[in-house]
Amino acid sequence: MARSRNAFRVEDADRRRTGVPDCRAIRLALAVCVAAIGLAGCQRSAAADRIGDPRAGAIAIDRMACGSCHRIPGIEEADGSVGPPLAHFASRQMIAGVLANSPQALVRYLEAPQEVVAGNVMPNEGLGDRQARDIAAYLYTLR
Ligand code: HEC
């Protein structure tokens, strides 16, 4: 009696070994794929979400009149041409041509542009850390 029950279990386990692991492997591969695609596409914007609040950033950009010097999509009357247009900022490799584009570097640049590129016209607007983070978060919505 005990033996036959064991035999049944072995058979059952065999069936499981042949069927279920394949399925699991496929599911795992799919999960890895989805995660990889998500990461590649959203890495910078995910980091940006953590760095600040894009809606507060848009308001700050409007108040600080960044648009008097920059063309900035989504900000009313931001059509200045003194500085470079900020469209597709999330896709840019560099900030001001000298810093690798990352949320941390952008916040640092916004807080003290003259420290990064001395003598350029981009003014130090005296942005607080929170404001600089929110503005950075908005700029990273521009893909
Ligand atoms: C008086 C004009 C002026 C104002 C106002 C101004 N900027 Fe700039 N900004 C510039 C110039 C000029 C550059 C280019 C600097 C360089 O490349 O050396 C620049 C560069 C930048 C860059 C880097 C652009 C790139 O292509 O890498 C960002 C981001 C930026 N500004 C954001 C802002 C934000 C946000 C504000 C408002 C808080 C602002 N700027 C206000 C003139 C201005």
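When segment 74-95 is examined, which residues are found to be closer than 13 Å to residue 138 by Cβ and free of Cβ contacts under 8 Å to residues at least 60 places away in the same chain?
75, 78, 86, 87, 89, 90
What is the one condition in (1) more than 6 Å from the ligand (Cβ to nearest atom); (2) touching a residue at least 40 places away in the same chain (Cβ under 8 Å) that residue 135 does not satisfy?
The single condition residue 135 does not satisfy is (1).
Mind listing whichever residues of segment 101-143 are over 19 Å from residue 69 (Cα atoms), assigned to a loop (DSSP other than H, G, I, E, B) and under 13 Å from the mean Cα position of the chain (by Cα)?
Correct list: 101, 102, 141, 143.
Report, by residue number, each residue of segment 65-85 that is within 10 Å of the ligand (Cβ to nearest atom), surrounded by 15 or more Cβ atoms within 10 Å (Cβ to Cβ) and either in a helix (DSSP H, G or I) or under 24 Å from the mean Cα position of the chain (by Cα) (or both).
Within segment 65-85, 66, 67, 70, 72, 75, 78, 83, 85 qualify.
Report the residue count in segment 97-117 for those that are near the ligand (Cβ under 6 Å from one of its atoms) and either of a type in the set (Val, Ile, Thr) or at pLDDT below 95 (or both).
2
The values are calculated or read from the model by the stated rules, or taken from the named source; none is laboratory data. Just so you know, these numbers come straight off a predicted model, no measurement behind them. Neighbour counts run over all protein chains shown; Cβ positions are idealised from the backbone, glycine included.
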